[in-house]
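**Q** Mind having a look at this structure? Questions to follow.
The values are calculated or read from the model by the stated rules, or taken from the named source; none is laboratory data. None of these values were measured; they are calculated from a predicted model. Ideal geometry is used to build each Cβ from the backbone, glycine not excepted, and the neighbour counts take in all protein chains shown. Side chains are part of the model used for accessible areas, which takes the heavy atoms of the whole protein and leaves out ligands, DNA and RNA. Shrake-Rupley method; radii C 1.70, N 1.55, O 1.52, S 1.80 Å.
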Amino acid sequence: MWRLVEGILVLCFISDVFCVERNTYDDLINTCLDGRHHKSKPGPESNLFNFCKPWKDRSCCTNQTSEDLHNTDAWLNFDWNHCQQLSPKCREHFMQDLCFYECSPNVGPWLVPVKMKIRNEKFIHVPLCETDCTNWWNDCKDEMTCLQNWGKDFNWTTGQNTCPVGKPCKKFSEIYSNSSNFCETIWNFSWKVVPETEQCMHLWFTESDGNPNDEVAQAKAKEILANHANNVFSKYFQFYYLFLVLFCFFVI
């Protein structure tokens, strides 16, 4: 009996402490989302296209993917123009957002598993700089859509997103209450808007300035690993206490 209890305790300790998907610094900052077009590891690309160019030094998208996504309005069968054609200015922001999704190597600390045809992971609550969100909102608030959450509420029976019955097209400004509500809700809470006084991601950046999001991901990775180390320390003492209690119960 005692050997059985001992074995169970060891298994519980090992599963709690060691069985995590990404448990090293490199796992968190040097990884790509597990998606249909993503590379397995970020690396340089010599000729990324247009809005995806800033990620050329360390990218999760290939040259071909970056070009292909610029040449369609229905990437991954998702139609941005489900109510009417987006204005060129608004479309730029969605293209930058799409390049971030396909090319960014900085989302490792925010990845969670999902079961979808197009990906096995998604990022959630990535801190988006408030200014980036405001600019996106200001250039898109007069566009048309029928839904608040583009990540889960569309009708996909045709193989492409369409508005559900009973959901008429309205201006973004009638669907979303403000810029933060727009940025956080539109992609099912992939983004979390935060002020520039906090560590935050830029949706897009200029190629010559380097990737400012590297620093944000690195800081988050260190925070996660520090918390994990504290949890391991706490689990160790919980395990040790339980061990003593059971030892006293079975042996003494």
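**Q** Can you name the residue in the range 147-191 that is in contact with a helix residue (DSSP H, G or I) (Cβ under 8 Å, 6 or more places away or on another chain), farther than 23 Å from Val114 by Cβ and assigned to a loop (DSSP other than H, G, I, E, B) and, of all such residues, is least open to solvent (accessible area, probe 1.4 Å)?
**A** Selected residue: Tyr176.
**Q** If I ask for residues that are of a type in the set (S, T, N, Q) and at pLDDT below 85, which ones from the range 209-241 would you list?
**A** Within the range 209-241, Asn230, Asn231, Ser234, Gln238 meet the criteria.
**Q** Kindly check whether there is at least one residue in the range 114-130 that is assigned to a helix (DSSP H, G or I), surrounded by fewer than 20 Cβ atoms within 10 Å (Cβ to Cβ) and touching a strand residue (DSSP E or B) at 6+ places or on another chain (Cβ under 9 Å).
**A** Within the range 114-130, one or more residues are assigned to a helix (DSSP H, G or I), surrounded by fewer than 20 Cβ atoms within 10 Å (Cβ to Cβ) and touching a strand residue (DSSP E or B) at 6+ places or on another chain (Cβ under 9 Å).
**Q** Another one. Kindly provide the set of residues from the range 59-103 that are over 20 Å from Thr134 (Cβ atoms) and open to solvent by 70 Å² or more (accessible area, probe 1.4 Å), ordered by number.
**A** Gln64, Glu67, Asn71, Asn77, Gln84, Gln85
**Q** Something else about it: Looking at the range 96-114, I want the residues that are farther than 16 Å from Glu207 by Cβ and have a partner that is in a helix (DSSP H, G or I) and among the polar types (S, T, N, Q) with Cβ atoms under 7 Å, at least 6 apart or on another chain. Which pairs are those?
**A** Short answer, once both residue conditions are applied: Glu102/Thr65.
**Q** If you don't mind, another one. Identify, please: which residue in the range 52-88 is at pLDDT 95 or above and small (Gly, Ala, Ser) and is, among those, farthest from the chain's Cα centre (by Cα)?
**A** Applying the filter and picking the extreme gives Ser87.
**Q** So in the range 36-58, with the set limited to residues that are under 29 Å from Gly159 (Cα atoms) and part of a helix (DSSP H, G or I), which one is least open to solvent (accessible area, probe 1.4 Å)?
**A** For the range 36-58, the residue satisfying everything is Cys52.
**Q** Does Leu98 satisfy the criteria of being closer than 26 Å to Asn178 by Cβ, among the aliphatic types (A, V, I, L, M) and assigned to a helix (DSSP H, G or I)?
**A** Yes: the conditions hold for Leu98.
**Q** For Arg3, all conditions in the list (1) at pLDDT below 90; (2) not in a helix (DSSP H, G or I) hold save one; what is the number of the exception?
**A** Answer for Arg3: the failing condition is (2).
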